Amino acid sequence: MHCATLLTRLLVILCCTGWAEQAAADTVWLTNGDRLTGTIRYLSDGKLAIETHYAGTVTLAWNAVSTLASDNPVNVENKKTGEHYQVRLSSSDPGYVWVERNEQEQQVSVRRIDEFMKAKVRSDQLAWTGNIDAGVKVKKASTKTDDYSFALNTKLNKGNWRHDIGATYNREQENASVNTDNYSLRYAFDYLVSEQFFWQTRATYKRDWVENLSRQALLGTGPGYQLWDTELSAFSLSVLGGAFEYGYSDDREERHVGGSLRWNYQRYLLGKSVTLYSNGDVGHSLDDDGVFMLDAEVGMRYSLTSWSTLHLGYHRNLVSGIPDTLNEGIFSTGLGLKW
């Protein structure tokens, strides 16, 4: 009898727990009467993405949605003013949702909402993302030209810590003449003080066997601000103070103390099939030499499959105020992997 009572209580607890988990989940009601539960990720380009336990991430046509309810706030942009703000969405009559902001609630037509996204939730579990881009071009005519470019970008996030690791390699050879031969390495880590503020420490190193400016090194640390970080886009700025070091092919070296501004921007389009990105540093020395540096890239990636991409990018590297000024730009295109 006692065992039966315990079993009954256990079943009641399990049922209540399951009901609570279901109640806490986001829910989407469709115009055909169907209902899906899970975690709503974003609405963009007429597509609503909801992550479910039973079918993974499901993409729905927005015009097939009757109403919805989201357990967590979502970020909405006012297209007229450009203002970003957080609201809560709860179900209403078919074709409408309740929008709650600043403790005020308003019934809004589903058709008036064309985009929203959820802020990324910080997790104590390790999250690893990254991509590898590769471009190879071999031309045989009156001269033989070999052109190779590789780039690695990977991020490791856990709790309040974010790690950014990257590397590049470029080589161009025409017959026996090598026109380009260089590589670069970078490592940065951020500690998130709050949802927006973080402290960043960053180190980069570049080696070139063709240019007179054969070595570049940067070490800096300073505060940063995460303007936003959602399922569809992210943008951050950081101001670093540190040291620049330059080496030349004749073994000359020089060092400067200075500051730099770092930006990192990423935007997903067309249901995350297209990624636009831009990141880089612009810096200036604090001494009388007036060294100016710019190291930036901009580009896009198109997802061919869940793991393969086609990329197109442009990288600019400029250093002035030193004996051997550097000003180079590299266009790259090719295939890549992502995870």
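The values are calculated or read from the model by the stated rules, or taken from the named source; none is laboratory data. The model shown is predicted, which means the values in this text are computed figures rather than measured ones. Methodologically, a virtual Cβ is constructed for each residue, glycine included, from the backbone with ideal geometry; neighbour enumeration extends over all protein chains shown.
So which residues in region 174-206 are of a type in the set (Ser, Thr, Tyr) and in a strand (DSSP E or B)?
If the condition is that a residue be of a type in the set (Ser, Thr, Tyr) and in a strand (DSSP E or B), then Ser177, Thr180, Tyr183, Ser184, Tyr187, Tyr191, Thr201, Thr204, Tyr205 are the ones that fit.
With the requirement that a residue be under 20 Å from the mean Cα position of the chain (by Cα), part of a strand (DSSP E or B) and of a type in the set (Val, Ile, Thr), what does region 287-339 give you?
Hits for region 287-339 are Val298, Thr309, Thr333.
Would you check which residues across region 137-171 are part of a strand (DSSP E or B) and among the hydrophobic types (A, V, I, L, M, F, W, C) and list them?
Val138, Phe150, Ala151, Leu152, Leu156, Trp161, Ile165, Ala167
Taking the condition under 22 Å from Tyr268 (Cβ atoms), of a type in the set (Ser, Thr, Tyr), at pLDDT 95 or above and assigned to a strand (DSSP E or B), does Thr129 pass?
So Thr129 does not fit the description; no.
For region 288-330, which residues satisfy the criterion of being in contact with a His (Cβ under 7 Å, 6 or more places away or on another chain) and of a type in the set (D, E, K, R)?
Asp289, Glu297, Arg301
Name, by its number, the condition in (1) closer than 30 Å to Lys158 by Cβ; (2) in contact with a Gly (Cβ under 8 Å, 6 or more places away or on another chain); (3) buried (at least 16 other Cβ atoms within 10 Å of the Cβ) that does not hold for Thr67.
So the condition that Thr67 fails would be (1).
Test each condition in (1) polar (S, T, N, Q); (2) without any contact (Cβ under 8 Å) to a residue 40 or more places away in the chain; (3) touching a Ser or Thr at 6+ places or on another chain (Cβ under 7 Å); (4) crowded, with 18+ Cβ neighbours inside 10 Å for Gln266 and report the one that comes out false.
It is condition (4) that Gln266 fails.
Take region 231-246 and flag every residue that is crowded, with 17+ Cβ neighbours inside 10 Å and closer than 17 Å to Thr204 by Cα. Show your work before the answer.
Taking region 231-246 as the starting set, the residues that turn out to be crowded, with 17+ Cβ neighbours inside 10 Å are 231-234, 236, 238, 240, 242, 244, 246.
Scanning region 231-246 gives Ser238, Leu240, Gly242, Phe244, Tyr246.
May I ask you to list the residues in region 269-299 that are buried (at least 18 other Cβ atoms within 10 Å of the Cβ) and aliphatic (A, V, I, L, M)?
Val291, Met293
For region 6-24, indicate whether the set of residues that are of a type in the set (Gly, Ala, Ser), under 36 Å from the mean Cα position of the chain (by Cα), modelled with pLDDT of 50 or more and over 18 Å from Asn75 (Cα atoms) is non-empty. Can you show your working first?
Taking region 6-24 and keeping what is of a type in the set (Gly, Ala, Ser), we get 18, 20, 23-24.
Subsequent filtering for residues that are under 36 Å from the mean Cα position of the chain (by Cα) retains 18, 20, 23-24.
Among the residues that remain, those that are also modelled with pLDDT of 50 or more are: 24.
Within this subset, residues satisfying the condition of being over 18 Å from Asn75 (Cα atoms) are 24.
Yes, region 6-24 has at least one match.
Where residues in region 283-299 are out of contact with any Phe, Trp or Tyr (no Cβ under 8 Å at 6 or more places or on another chain) and modelled with pLDDT of 90 or more, which of them is nearest to Asp229 (Cα to Cα)?
If we take residues in region 283-299 being out of contact with any Phe, Trp or Tyr (no Cβ under 8 Å at 6 or more places or on another chain) and modelled with pLDDT of 90 or more, then Ala296 is nearest to Asp229 (Cα to Cα).
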